[in-house]
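Asks: Got a structure for you, questions after.
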Amino acid sequence: MPIVEISDLVIRHDPATGARLPVRRDEVLSALRTAGDRRGARIAAALPHHDGMLDENAVERLLVRTHTELQRLNEELRIAEQLAELLGPLLTAVARDGERPLVVDVGCGIGYAIRWLAVSGVLGDVELCGVDLNAALVAEANRLAAAEGLSCQFVHGDAFALPGPATVYISTGVLHHLRGGDLGAFFRAQAEAGAQAYCHFDIAATRLAPLGAWVFHRARMREPLGRHDGVASARRAHADHELIAAARSAPNLVPLLYRPLRHSNPFCASIRPVIGVRPQYVSALRNALGPSARHLVTESRSTRRPW
(Lines give C-alpha, C1' and ligand atoms only; values in the text may rest on other atoms or scores of the structure.)
Protein backbone atom coordinates (compact mmCIF):
# COMPACT_ATOMS: atom_id res chain seq x y z
CA MET A 1 0.00 0.00 0.00
CA PRO A 2 1.19 3.57 -0.61
CA ILE A 3 2.43 5.61 2.33
CA VAL A 4 0.81 9.04 2.36
CA GLU A 5 1.24 12.21 4.39
CA ILE A 6 -1.76 14.19 5.50
CA SER A 7 -0.07 17.47 4.63
CA ASP A 8 0.18 16.35 1.00
CA LEU A 9 -3.56 15.73 0.86
CA VAL A 10 -5.05 18.77 2.62
CA ILE A 11 -3.48 21.34 0.28
CA ARG A 12 -4.00 21.47 -3.49
CA HIS A 13 -2.77 23.98 -6.05
CA ASP A 14 -3.54 24.61 -9.69
CA PRO A 15 -0.42 23.32 -11.52
CA ALA A 16 -0.64 26.11 -14.11
CA THR A 17 -1.28 29.13 -11.88
CA GLY A 18 -0.30 27.96 -8.40
CA ALA A 19 -3.68 29.14 -7.11
CA ARG A 20 -5.12 27.39 -4.05
CA LEU A 21 -7.85 24.86 -4.83
CA PRO A 22 -10.58 23.64 -2.47
CA VAL A 23 -10.13 20.18 -0.97
CA ARG A 24 -12.97 17.77 -0.28
CA ARG A 25 -12.79 16.18 3.16
CA ASP A 26 -14.12 12.86 1.86
CA GLU A 27 -11.31 12.62 -0.72
CA VAL A 28 -8.67 13.06 1.98
CA LEU A 29 -10.27 10.42 4.20
CA SER A 30 -10.65 8.03 1.26
CA ALA A 31 -6.98 8.35 0.30
CA LEU A 32 -5.87 7.61 3.85
CA ARG A 33 -8.25 4.68 4.30
CA THR A 34 -7.22 3.24 0.94
CA ALA A 35 -3.63 3.36 2.17
CA GLY A 36 -4.69 1.44 5.28
CA ASP A 37 -3.88 4.45 7.47
CA ARG A 38 -6.67 4.51 10.02
CA ARG A 39 -4.82 6.78 12.42
CA GLY A 40 -4.20 9.30 9.66
CA ALA A 41 -7.87 9.17 8.72
CA ARG A 42 -8.87 9.90 12.32
CA ILE A 43 -6.53 12.90 12.41
CA ALA A 44 -7.88 14.24 9.11
CA ALA A 45 -11.48 13.64 10.18
CA ALA A 46 -10.94 16.06 13.08
CA LEU A 47 -9.92 18.94 10.79
CA PRO A 48 -12.45 21.81 10.55
CA HIS A 49 -14.69 21.63 7.48
CA HIS A 50 -17.76 23.27 5.99
CA ASP A 51 -20.21 21.69 3.55
CA GLY A 52 -17.82 18.81 2.91
CA MET A 53 -14.83 21.06 2.16
CA LEU A 54 -11.84 21.52 4.44
CA ASP A 55 -11.60 24.94 6.08
CA GLU A 56 -8.73 26.54 4.15
CA ASN A 57 -7.83 29.07 6.84
CA ALA A 58 -7.79 26.44 9.58
CA VAL A 59 -5.58 24.16 7.46
CA GLU A 60 -3.16 27.01 6.77
CA ARG A 61 -2.88 27.86 10.47
CA LEU A 62 -2.29 24.19 11.26
CA LEU A 63 0.49 23.89 8.69
CA VAL A 64 2.21 27.03 9.99
CA ARG A 65 2.11 25.60 13.53
CA THR A 66 3.43 22.26 12.30
CA HIS A 67 6.30 23.87 10.38
CA THR A 68 7.15 25.97 13.43
CA GLU A 69 7.45 22.78 15.48
CA LEU A 70 9.47 21.19 12.68
CA GLN A 71 11.94 24.08 12.87
CA ARG A 72 12.76 23.07 16.44
CA LEU A 73 13.56 19.57 15.24
CA ASN A 74 15.74 20.95 12.45
CA GLU A 75 17.62 23.04 14.99
CA GLU A 76 18.35 19.98 17.14
CA LEU A 77 19.58 17.99 14.13
CA ARG A 78 21.71 20.97 12.97
CA ILE A 79 20.34 20.64 9.45
CA ALA A 80 21.15 24.23 8.45
CA GLU A 81 24.72 23.87 9.72
CA GLN A 82 25.19 20.64 7.77
CA LEU A 83 23.80 22.34 4.68
CA ALA A 84 26.19 25.27 5.07
CA GLU A 85 29.20 22.96 5.41
CA LEU A 86 28.56 21.69 1.89
CA LEU A 87 27.04 24.79 0.36
CA GLY A 88 30.13 26.90 1.06
CA PRO A 89 32.51 24.66 -0.93
CA LEU A 90 29.88 24.18 -3.61
CA LEU A 91 29.57 27.92 -4.16
CA THR A 92 33.35 28.25 -4.16
CA ALA A 93 33.54 25.63 -6.91
CA VAL A 94 30.91 27.12 -9.23
CA ALA A 95 31.33 30.85 -8.51
CA ARG A 96 31.89 33.08 -11.53
CA ASP A 97 33.92 36.27 -11.31
CA GLY A 98 31.77 39.36 -11.07
CA GLU A 99 28.52 37.49 -10.36
CA ARG A 100 26.67 37.45 -7.06
CA PRO A 101 25.52 33.85 -6.47
CA LEU A 102 21.82 33.17 -5.98
CA VAL A 103 20.83 30.36 -3.62
CA VAL A 104 17.21 29.23 -3.95
CA ASP A 105 15.52 26.99 -1.37
CA VAL A 106 12.85 24.85 -3.07
CA GLY A 107 9.85 24.18 -0.83
CA CYS A 108 11.22 26.50 1.84
CA GLY A 109 8.26 26.28 4.23
CA ILE A 110 8.64 29.02 6.85
CA GLY A 111 12.18 29.64 5.63
CA TYR A 112 14.31 28.20 8.43
CA ALA A 113 17.29 27.22 6.25
CA ILE A 114 17.41 30.52 4.35
CA ARG A 115 16.92 32.56 7.52
CA TRP A 116 19.70 30.65 9.28
CA LEU A 117 22.07 31.24 6.36
CA ALA A 118 21.14 34.92 6.35
CA VAL A 119 21.69 35.48 10.07
CA SER A 120 24.93 33.45 10.18
CA GLY A 121 26.51 35.09 7.13
CA VAL A 122 28.64 31.97 6.59
CA LEU A 123 28.25 32.11 2.81
CA GLY A 124 29.47 35.67 2.42
CA ASP A 125 27.93 37.94 -0.21
CA VAL A 126 25.17 35.81 -1.71
CA GLU A 127 21.53 36.38 -2.57
CA LEU A 128 19.21 34.14 -0.55
CA CYS A 129 15.69 33.29 -1.69
CA GLY A 130 13.11 30.75 -0.53
CA VAL A 131 10.21 29.63 -2.71
CA ASP A 132 7.11 27.63 -1.79
CA LEU A 133 3.73 26.88 -3.35
CA ASN A 134 2.02 27.45 -0.01
CA ALA A 135 1.26 31.16 0.32
CA ALA A 136 0.59 30.94 4.07
CA LEU A 137 4.03 29.45 4.76
CA VAL A 138 5.69 32.09 2.55
CA ALA A 139 3.85 34.85 4.40
CA GLU A 140 5.09 33.47 7.72
CA ALA A 141 8.65 33.20 6.38
CA ASN A 142 8.58 36.84 5.27
CA ARG A 143 7.11 37.91 8.62
CA LEU A 144 9.86 36.14 10.53
CA ALA A 145 12.60 37.51 8.27
CA ALA A 146 11.30 41.05 8.73
CA ALA A 147 11.07 40.63 12.51
CA GLU A 148 14.64 39.31 12.57
CA GLY A 149 15.92 42.07 10.24
CA LEU A 150 17.33 39.61 7.72
CA SER A 151 18.49 40.25 4.17
CA CYS A 152 16.65 37.51 2.28
CA GLN A 153 13.38 37.07 0.44
CA PHE A 154 10.59 34.53 0.17
CA VAL A 155 8.41 34.07 -2.89
CA HIS A 156 5.14 32.27 -3.49
CA GLY A 157 5.33 30.25 -6.69
CA ASP A 158 7.42 27.87 -8.77
CA ALA A 159 11.11 27.83 -7.81
CA PHE A 160 12.08 26.88 -11.36
CA ALA A 161 10.23 29.81 -12.96
CA LEU A 162 12.01 32.72 -11.29
CA PRO A 163 13.08 35.71 -13.44
CA GLY A 164 16.73 34.64 -13.30
CA PRO A 165 18.43 31.25 -12.87
CA ALA A 166 19.61 30.13 -9.47
CA THR A 167 23.29 29.42 -9.04
CA VAL A 168 22.50 26.62 -6.60
CA TYR A 169 19.18 25.05 -5.66
CA ILE A 170 18.82 23.63 -2.17
CA SER A 171 16.11 21.88 -0.19
CA THR A 172 15.62 20.13 3.15
CA GLY A 173 13.00 17.42 3.50
CA VAL A 174 11.44 17.77 0.04
CA LEU A 175 12.68 14.77 -1.96
CA HIS A 176 10.61 12.12 -0.16
CA HIS A 177 7.44 13.96 -1.19
CA LEU A 178 8.25 13.28 -4.86
CA ARG A 179 7.15 9.89 -6.16
CA GLY A 180 7.64 8.05 -9.43
CA GLY A 181 8.44 10.23 -12.41
CA ASP A 182 8.11 13.42 -10.34
CA LEU A 183 11.50 12.76 -8.73
CA GLY A 184 13.38 12.66 -12.03
CA ALA A 185 11.39 15.66 -13.28
CA PHE A 186 12.53 17.60 -10.20
CA PHE A 187 16.19 17.09 -11.05
CA ARG A 188 15.66 17.80 -14.77
CA ALA A 189 13.89 21.06 -13.96
CA GLN A 190 17.01 22.32 -12.20
CA ALA A 191 19.18 21.53 -15.21
CA GLU A 192 16.71 23.20 -17.55
CA ALA A 193 16.53 26.27 -15.30
CA GLY A 194 20.27 26.77 -15.75
CA ALA A 195 21.51 25.97 -12.25
CA GLN A 196 25.21 25.31 -11.81
CA ALA A 197 24.61 22.95 -8.90
CA TYR A 198 22.15 21.66 -6.32
CA CYS A 199 22.33 20.34 -2.76
CA HIS A 200 19.27 18.54 -1.37
CA PHE A 201 19.09 17.11 2.13
CA ASP A 202 16.50 14.49 2.96
CA ILE A 203 15.81 11.70 5.41
CA ALA A 204 18.27 8.82 5.23
CA ALA A 205 16.48 5.61 4.27
CA THR A 206 17.67 3.36 7.10
CA ARG A 207 15.74 0.70 8.99
CA LEU A 208 16.01 2.84 12.10
CA ALA A 209 14.62 5.98 10.45
CA PRO A 210 10.91 5.37 11.24
CA LEU A 211 11.69 4.60 14.88
CA GLY A 212 13.95 7.63 15.17
CA ALA A 213 11.29 9.82 13.56
CA TRP A 214 8.67 8.52 15.99
CA VAL A 215 10.87 9.29 19.01
CA PHE A 216 11.87 12.78 17.86
CA HIS A 217 8.43 13.83 16.67
CA ARG A 218 6.75 12.43 19.76
CA ALA A 219 9.15 14.35 21.99
CA ARG A 220 9.22 17.64 20.08
CA MET A 221 5.92 18.03 18.22
CA ARG A 222 2.47 18.54 19.69
CA GLU A 223 0.35 18.57 16.54
CA PRO A 224 -1.00 15.08 15.68
CA LEU A 225 -0.58 15.85 11.97
CA GLY A 226 3.11 16.63 12.47
CA ARG A 227 3.71 13.47 14.49
CA HIS A 228 1.94 11.35 11.88
CA ASP A 229 3.67 12.89 8.87
CA GLY A 230 7.10 12.75 10.51
CA VAL A 231 6.98 8.97 10.70
CA ALA A 232 5.39 8.69 7.25
CA SER A 233 8.20 10.82 5.82
CA ALA A 234 10.83 8.48 7.22
CA ARG A 235 9.01 5.48 5.75
CA ARG A 236 8.88 7.21 2.33
CA ALA A 237 12.57 8.14 2.21
CA HIS A 238 14.34 7.24 -1.03
CA ALA A 239 17.24 4.80 -1.03
CA ASP A 240 20.57 6.11 -2.32
CA HIS A 241 20.37 4.18 -5.59
CA GLU A 242 16.88 5.57 -6.25
CA LEU A 243 18.08 9.13 -5.80
CA ILE A 244 21.10 8.64 -8.04
CA ALA A 245 19.02 6.96 -10.75
CA ALA A 246 16.53 9.83 -10.77
CA ALA A 247 19.26 12.49 -10.63
CA ARG A 248 21.07 10.96 -13.60
CA SER A 249 18.09 11.86 -15.81
CA ALA A 250 19.09 15.54 -15.50
CA PRO A 251 21.43 16.45 -18.38
CA ASN A 252 24.79 18.06 -17.63
CA LEU A 253 24.53 17.76 -13.85
CA VAL A 254 26.72 15.07 -12.25
CA PRO A 255 24.91 13.52 -9.23
CA LEU A 256 26.98 12.77 -6.14
CA LEU A 257 26.24 11.44 -2.68
CA TYR A 258 27.98 12.80 0.40
CA ARG A 259 28.52 10.18 3.10
CA PRO A 260 26.25 7.57 1.47
CA LEU A 261 24.46 5.17 3.76
CA ARG A 262 26.83 2.29 3.12
CA HIS A 263 29.60 4.47 4.60
CA SER A 264 27.55 5.68 7.57
CA ASN A 265 26.61 4.49 11.04
CA PRO A 266 22.84 3.82 10.84
CA PHE A 267 22.45 5.11 14.40
CA CYS A 268 23.83 8.52 13.33
CA ALA A 269 22.57 8.84 9.75
CA SER A 270 19.35 10.82 10.17
CA ILE A 271 19.69 12.90 7.01
CA ARG A 272 22.06 12.93 4.03
CA PRO A 273 22.49 15.06 0.93
CA VAL A 274 22.52 14.41 -2.77
CA ILE A 275 24.62 16.93 -4.69
CA GLY A 276 24.62 17.80 -8.37
CA VAL A 277 27.20 19.88 -10.20
CA ARG A 278 28.07 20.73 -13.79
CA PRO A 279 30.79 18.34 -15.04
CA GLN A 280 33.41 21.07 -15.41
CA TYR A 281 33.15 21.88 -11.68
CA VAL A 282 33.56 18.37 -10.20
CA SER A 283 37.32 18.76 -9.69
CA ALA A 284 36.87 22.26 -8.25
CA LEU A 285 34.33 20.91 -5.78
CA ARG A 286 36.71 18.20 -4.64
CA ASN A 287 39.44 20.82 -4.14
CA ALA A 288 37.07 23.10 -2.21
CA LEU A 289 36.01 20.24 0.08
CA GLY A 290 39.61 19.36 0.89
CA PRO A 291 39.97 16.21 3.05
CA SER A 292 36.17 15.89 3.21
CA ALA A 293 36.15 15.08 -0.52
CA ARG A 294 36.76 11.44 0.40
CA HIS A 295 33.10 11.26 1.45
CA LEU A 296 31.92 12.28 -2.03
CA VAL A 297 30.86 9.31 -4.17
CA THR A 298 28.59 8.29 -6.99
CA GLU A 299 26.73 5.00 -6.73
CA SER A 300 24.43 2.71 -8.68
CA ARG A 301 23.25 -0.84 -8.27
CA SER A 302 25.97 -2.21 -10.51
CA THR A 303 28.90 0.11 -9.93
CA ARG A 304 30.06 1.87 -6.77
CA ARG A 305 33.19 3.92 -7.09
CA PRO A 306 34.57 7.10 -5.49
CA TRP A 307 34.95 10.23 -7.57
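The values are calculated or read from the model by the stated rules, or taken from the named source; none is laboratory data. Predicted model, so just to flag it, every value in this text is computed and none were measured. Here the Cβ is made from the backbone with ideal geometry for all residues, glycine too, and neighbour counts use every protein chain on show.
Asks: List the helices (runs of 4 or more DSSP H) that sit entirely inside the range 1-106 and contain at least 2 residues that are at pLDDT below 95 and at positive phi.
Replies: Fully inside the range 1-106 and qualifying: nothing.
Asks: Restricting the range 201-219 to residues that are in contact (Cβ under 8 Å) with a residue 24 or more places away in the chain and assigned to a helix (DSSP H, G or I), which is nearest to P255 (Cα to Cα)?
Replies: Taking the candidates together, the pick is A209.
Asks: While we're here: Only one residue in G230, G194, G184 is assigned to a loop (DSSP other than H, G, I, E, B) and either at pLDDT 95 or above or not basic (K, R) (or both), so which one is that?
Replies: G194
Asks: If you scan the range 194-212, which residues turn out to be under 18 Å from the mean Cα position of the chain (by Cα) and over 20 Å from M1 (Cα atoms)?
Replies: A195, A197, Y198, C199, H200, F201, D202, I203, A204
Asks: Going through the range 57-112 one residue at a time, which ones are under 20 Å from C129 (Cα atoms) and of a type in the set (V, I, T)?
Replies: Correct list: V64, T68, I79, T92, V94, V103, V104, V106, I110.
Asks: Next question, about the same structure. Which condition number does A113 fail, the rest of (1) within 30 Å of V215 (Cα to Cα); (2) in a loop (DSSP other than H, G, I, E, B) being met?
Replies: All conditions are met except number (2).
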